[in-house]
Amino acid sequence: MPKTMDSDSESFEKTWKPTKDILEPTILFLLGQSVLAESAISTPLYQLNSDIRSVSNKESSMTFERVEHDVPELEVETEQHTADTPRKRHLFYLAHPVNAQYRTDIPAKYYITSAVPETVGNIRLETSEARFQKTSFKALLSTNKTASDKPLFDEGTQQLLLFDIQPNWKVGRNCYRWSDSDGRQVAVEEKEDDRYKLYVTSSMSQELRDALVATWLLRLWHDTAESRQAKREFFESMASTNESTDPYMKRQCIVM
């Protein structure tokens, strides 16, 4: 009897061997292009190279970096980096290809690829409509994959369920509950006073925390790019482009 995705997803803990570093629960929030902890608001933990909450952002890919403040003393110091200087470690690419919904050469509209082999792997974000037109998400993991692999993702039951992301109707409209493959809550996200927050409720490895935060930012990017304002601006720009390249419209302008 073939395995289902659910049965495979339950083997995530067995297939992935994290480092010994275990991070405790914390509260994170997004500020511009940085992710910070409420316990240390002056110290960025992660960094993007672009603002995912800007509707005018037309990027199709973004870099996701972890900011490391405790650099091992054995590492060689350079003029650009000393033991007291934070170091940015490039972990992932967040991707939303242009006109992804009309293309067949890419596996998903929103996905994450690993920049280095030391991460959990490549992640694709699948969406489905929940109640009251609210979207739910599944983050599906292809382990041992990076941005240089072809194909980027495993097929069918080889994919593991990394996170199940469901609207939390008991709390509020802008809240989501994040669960692992066993249904255990690992995080809750919400928008509070125009600030996007991620309450990490479970202890986890550094690699899993990196994947959690990257997937959270990808989900927020989805909300921005799929918003009514973003779609309106897209169709207005398309209409403007068509008018400027239509020979008939040009002749009309000349006659007038």
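Quick notes
- In sequence order, calculated HN-Hα J values of the stretch 110-122 (Karplus, 6.51, -1.76, 1.60; Hz; x Gly/Pro): 9, 7, 10, 10, 7, 7, 9, x, 7, 9, 6, x, 8
- Taking the fewest neighbouring Cβ atoms within 10 Å as the starting point, the ordered list for Lys88, Lys150 is Lys150, Lys88.
- Distance (nanometres) between label positions extended 7 Å along Cα→Cβ at Ser179 and Arg228: 3.1 nm
- Annotation note: trypsin sites (Lys or Arg not before Pro) in the stretch 143-188 located in DSSP loop regions with a Cβ neighbour count of at most 14 within 10 Å are Lys170, Arg173, Arg184.
- Within the shell defined by Cβ-Cβ distances under 9 Å, the residues around Ile27 carry a net charge of 0, with Lys and Arg each +1 and Asp and Glu each -1.
- Between Ser136 and Thr85, full extension at 0.36 nm per residue minus the direct alpha carbon distance yields a gain of 14.4 nm.
- Around the amide H of Glu226, modelled in the peptide plane, lies no amide H under 5 Å away from a residue 5 or more places distant or on another chain.
Every read-out reported here was derived from the displayed coordinates using simple, explicitly stated rules and does not represent laboratory data. Just so it is clear, the model here is predicted, and its values are computed rather than measured. With ideal geometry, Cβ positions are generated from the backbone for all residues, glycine too; neighbour counts draw on all protein chains shown.
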